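One structure below.
The values are calculated or read from the model by the stated rules, or taken from the named source; none is laboratory data. Predicted, not measured: the structure shown is a model, and the values here were computed from it. We place every Cβ from the backbone using ideal geometry, glycine too, and count neighbours over all the protein chains shown.
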Amino acid sequence: MKRTLIYLTIAALAAVSAFAQSSSGNSNLNLTIGPEAAFTALLSTTSLTTAAGGLFGAYTGTTTFTYKIRTTESTGSGVITVQVTDFASGGPLISDLTFNCTAASGTACSSGTAASDSAGVTVVSFAGGVHSADGGDAGTVAWSLVNRPSTKTGSYSSTATFNISAL
């Protein structure tokens, strides 16, 4: 009797197992990571001022920014450019505005780079395989404007438009 009960239990479990099913599958996660770039100016206004007591000294000021960039390995490139608008009539001349740059990654512009109101001028250039820090990298543009006696008195402004691209 005991042996029969054991055989019946085994047979019952075998019958249940014959109807139970399980399955598993795989899914490959594929992606292509391409070049990307983002730019943020940390202040919306950069004031150009002269040194205290400096008669006809240059007007200077610094624009601070952060950027994130990833360029294509070996064949990629990237650039941050800036283009300015003209000051109002009688105001400073764009031809008197120069800048120099710093950047945590890439190649920053040289001292005395001329600003332009007709085309973007390179602030930072990037080679292939450049990757900024995950939180972004920092950079600056230090502006210098010649203080000419012939410039009319008044308040003037120019908009500096920055662009970033990555290939």
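If you check every pair at least six apart or on different chains, which have Cβ atoms under 6 Å apart with a residue in region 50-76 that is over 30 Å from ALA127 (Cβ atoms) and modelled with pLDDT under 95 first and a residue that is among the aliphatic types (A, V, I, L, M) and loosely packed, with under 14 Cβ neighbours inside 10 Å second?
Within 6 Å, the pairs are GLY57/ALA51.
Scan region 34-90 for residues that are small (Gly, Ala, Ser), part of a strand (DSSP E or B) and in contact with a Lys or Arg (Cβ under 6 Å, 6 or more places away or on another chain) and report the count. Lay out the reasoning, then the answer.
From region 34-90, those small (Gly, Ala, Ser) are 34, 37-38, 41, 44, 47, 51-54, 57-58, 61, 74, 76-78, 88-90; that's our starting set.
From what is left, the residues that are part of a strand (DSSP E or B) are 37-38, 41, 61, 78.
Now drop any that are not in contact with a Lys or Arg (Cβ under 6 Å, 6 or more places away or on another chain), which leaves 38.
Count: 1.
Residue-by-condition table, conditions (1) within 18 Å of THR64 (Cβ to Cβ); (2) at pLDDT below 95; (3) not aliphatic (A, V, I, L, M):
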site: THR102; (1), (2), (3): yes, no, yes
site: GLY106; (1), (2), (3): yes, no, yes
site: GLY129; (1), (2), (3): no, no, yes
site: ALA133; (1), (2), (3): yes, no, no
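Report, by residue number, each residue of region 37-60 that is farther than 21 Å from ASP137 by Cβ and under 24 Å from the mean Cα position of the chain (by Cα). It would help to see each step written out before you state the result.
To start, the set of residues in region 37-60 that are farther than 21 Å from ASP137 by Cβ comprises 45, 47-60.
Across region 37-60, the qualifying residues are THR45, SER47.
From the residues in region 94-105 that are closer than 18 Å to ASN147 by Cα and in contact (Cβ under 8 Å) with a residue 40 or more places away in the chain, which one is farthest from the chain's Cα centre (by Cα)? Walk me through it before giving the result.
Residues of region 94-105 that are closer than 18 Å to ASN147 by Cα, as a first pass: 94-100.
Now restrict to residues that are in contact (Cβ under 8 Å) with a residue 40 or more places away in the chain: 94, 96-100.
Working: ILE94: 26, ASP96: 28, LEU97: 24, THR98: 22, PHE99: 19, ASN100: 18 Å.
Looking at the filtered set, the residue picked out is ASP96.
Within region 24-49, which residues are under 22 Å from GLY154 (Cα atoms) and either of a type in the set (A, V, I, L, M) or in contact (Cβ under 8 Å) with a residue 12 or more places away in the chain (or both)?
THR46, SER47, LEU48, THR49
Of all residues in region 71-94, how many are surrounded by fewer than 19 Cβ atoms within 10 Å (Cβ to Cβ) and touching a Pro at 6+ places or on another chain (Cβ under 8 Å)?
2
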